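Notes to accompany the following structure.
Each value in this text was obtained by applying a stated rule to the coordinates, not by laboratory testing. It should be emphasised that the depicted structure is a prediction, and the values quoted were computed from it without experimental measurement. Heads up, the Cβs are rebuilt from the backbone with ideal geometry, glycines too, and the neighbour counts pull from every protein chain shown.
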């Protein structure tokens, strides 16, 4: 009995000790998790943090037809909702990363015991990890600190468990899957599944095929090692692993797996998302500068300024992606295939080409100025190199990639020679807008943004030539009582200048010189004598005032020569001004943005264009009739005989002195488009009017662009005529009728005078 009592007390002692130890350990872990949860042992996200997890979100530029034009980002990341994800993505992710995702509550105990038994004790590295998708999301949202100390690493792991449990309590499984795919890195500057789908396959996330989804999910293990671009063999093997997991968990049949695993990886649509590629690159850069200013003047609810590169703004623009594409295609077709080859041929073998009327010293000064404004020169200066060292560097051949109209080409040349090479290219600016709304539908600032970053739409101002004449004619009809059929003498006009000299402008040819000609014929044939005649009866200040009413803001000297287009204006200004004619005389300021939203879809600002009446409706219609004459029988007639355009078009060509600048302004009831073409500097140009006139340099781009626009029936751009005013204007546009009216008035006057 004594021995039995001793044995029992000993047994009770061990049982008691066991429970004390067990409860102590249990209490310790309970206390540990409480302290971790409260954030007393280091950072722990609050409920508000879980509701609004912070990450760098790219701001998106969206076209009027809801296409993504580009992004501004530190990390190329855009969020998607679960409904936007392809089922193939979800199946591939769950099968590969967390097969029991739908069954656990954030931490999978079965996986933990597997890791403990096989990976830790059994040293089987292939047995897989124990982190669930939710735990990985917790780690992505609230990055763990790297510790060399083992116990701190364990504490961090415990924190991830707690965050995972909180995520499971506050979000649905679908939301967790979407959040996870929004936070992961897919390589090649693609953060989140939306950016990855666009980069690798140029697709929306809901359109991914099984093999495409498997490839992307496979990248998560090691984006660089399994990159289909850098390591296609590794990517192929990794994709097969994912497909095999999908087969294992019944997301694919055996037959589907067998057929999919042998498909080649198609990277034909692969495109790195950056600011130098894609549609409307010049427009996006102009927009970036504007939006940076906007962010500096607009604050978030917390009082801080918006950040274009982190806050995931959604910028809804007026650009139509199809029209932008057609404009860029038209520009490349004319400049790349016709005008640039003609320019090379025109200057072949000519001394000092492509510079006109410049000696070698002046040309060398141009190259030196280009060198000193280059990024290479600035970097060498920052590296504390002197002028001699910099010059030597610029004259040392190096491997480089250059722009050609046939595509980028790798070559070896000195940076100085590359400056000479790029001076040969002709440049362009194009803007297309709706006259009634002010919405800019297409915007081309140059031929290639990566290599030529100067914006010829907004930043560039070039001499406008005869495209300025409509301002003079408008004032003559608005204030001077003229009409398209009014006849004036086609004779030289003399202006007395303030310095005592005389200025006598001359026509480009002697066609009908000395005769009485109508204003319609004079504008159609761009007759300088008639513009000078009207200017003498008006005044430079009055003409400038009319231009101001039509949206021109650039400085203009109040001198008679502006009637021939000596002013330097931008494509943006000229296109906006010409649109007033198609909008019944009302100028509508061109705009680029309709609204800006935050990442949650809240509208931060909406944009409405400014408007002002520039002229009455009758004058606007008369000007359209005048400008239609340019296309019907004047300098723009090749729209008919070469490009077979039969739709009513009001237009005006412009060619400046020495053919330095070629312009064409084309106005239709629905779309006004302005095009400029010229060299980087004014000394680079064609040496003949036949090649250098606006009708040859700029008009073809307009024609090719509008033919594509009209051909696309989804755009619904009609080819109708301009709307006539309610007042009968036939006696002012029908020149035969007009002459008869004048004759009748004269006969009536003679009769009254006689009796």
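In this simple spin-label model, placing a label point 7 Å from the Cα along the Cα-to-Cβ direction at both residue 14 and residue 266 gives a separation of 7.0 nm. By the helix-only formula, in which each DSSP H run with n ≥ 4 contributes -39500 (n - 2.57) and the sum is divided by residues, the chain has a 222 nm mean residue ellipticity of -13000 deg cm²/dmol. Tell me, Kirkwood radius of region 584-644 from alpha-carbon pair distances, in Å? That comes to 15.1 Å for region 584-644. Estimated at 0.36 nm per residue, the fully extended path between residue 491 and residue 290 surpasses their Cα-Cα distance by 67.5 nm.
Suppose a student asked you for the relative contact order of region 427-720, using Cα pairs under 8 Å spaced at least 6 residues apart; what percent would you report?
Working: 633 pairs, mean separation 63.8, N = 294.
Value for region 427-720: 22 percent.
Quick one: Debye curve from the alpha-carbon atoms of region 371-417 only, equal weights, vacuum; give me log10 I(q)/I(0) at q = 0.14, 0.16, 0.27, 0.32 Å⁻¹ to two decimals. Values returned for q = 0.14, 0.16, 0.27, 0.32 Å⁻¹ are -0.38, -0.49, -0.99, -1.15. Quick one: plug the Kirkwood hydrodynamic radius of the chain (C-alpha pairs) into Stokes-Einstein at 37 °C, 0.692 mPa s, and report D in µm²/s. In µm²/s, the coefficient rounds to 105.
For residue 276 and residue 537 in the same chain, what is the full-extension length gain: residue separation times 0.36 nm, less their Cα-Cα distance, in nm? The partial results should precede the final answer.
Details: separation 261, 0.36 × 261 = 93.96 nm, distance 5.02 nm.
Here the segment from residue 276 to residue 537 would lengthen by 88.9 nm.
Here, region 321-425 is characterised by an Rg to Rh ratio of 1.04, where Rg is the alpha-carbon radius of gyration and Rh the Kirkwood radius.
Averaging sequence separations of C-alpha pairs under 8 Å and six or more residues apart, then dividing by the length of the chain, give the relative contact order as a whole percent. Let's see the in-between values first.
Numbers: 1270 pairs, mean separation 86.0, N = 755.
After rounding, I find 11 percent.
Against the chain, whose longest principal axis comes from its Cα atoms, helix 150-170 is set at around 70 degrees.
Counting pairs of Cα atoms in region 578-736, how many percent are more than 25 Å apart?
Working: 5475 of 12561 pairs.
Every Cα pair in region 578-736 considered, those over 25 Å come to 44 percent.
If I take all pairs of Cα atoms in region 169-328, what percentage of them are more than 26 Å from each other? Result for the distance tail: 44 percent.
Taking the C-alpha atoms only, the angle from helix 469-479 to the longest principal axis of the chain is near 70 degrees. Between residue 410 and residue 258, the contour length at 0.36 nm per residue exceeds the Cα-Cα span by 50.6 nm. FRET efficiency for the residue 364 to residue 559 pair, using the beta carbon distance and R₀ = 25 Å, is estimated at 0.15. Roughly how many Å is it from the Cα centre of region 436-508 to that of region 667-700, as a whole number? Rounded to whole Å, the Cα centres lie 13 Å apart.
Taking label points 7 Å from Cα along the Cα-to-Cβ direction, residue 720 and residue 682 give a separation of 4.3 nm. The angle between the Cα long axis of helix 232-248 and the longest principal axis of the Cα atoms of the chain comes to about 60 degrees, rounded to the nearest 10.
Mind pulling up the Rg/Rh value for region 427-720? Radius of gyration and Kirkwood radius, both on Cα. All intermediate terms of the calculation are to be shown ahead of the outcome.
Numbers: Rg = 18.8 Å, Rh = 19.4 Å.
Value, to two decimals: 0.97.
Computed over the alpha-carbon pairs of region 494-549, the distance histogram in 5 Å steps reads 4, 16, 23, 23, 19, 11, 4 percent, short to long. With a simple spin-label model that places each label point 7 Å from the Cα along the Cα-to-Cβ direction, the separation between residue 422 and residue 509 comes to 4.0 nm.
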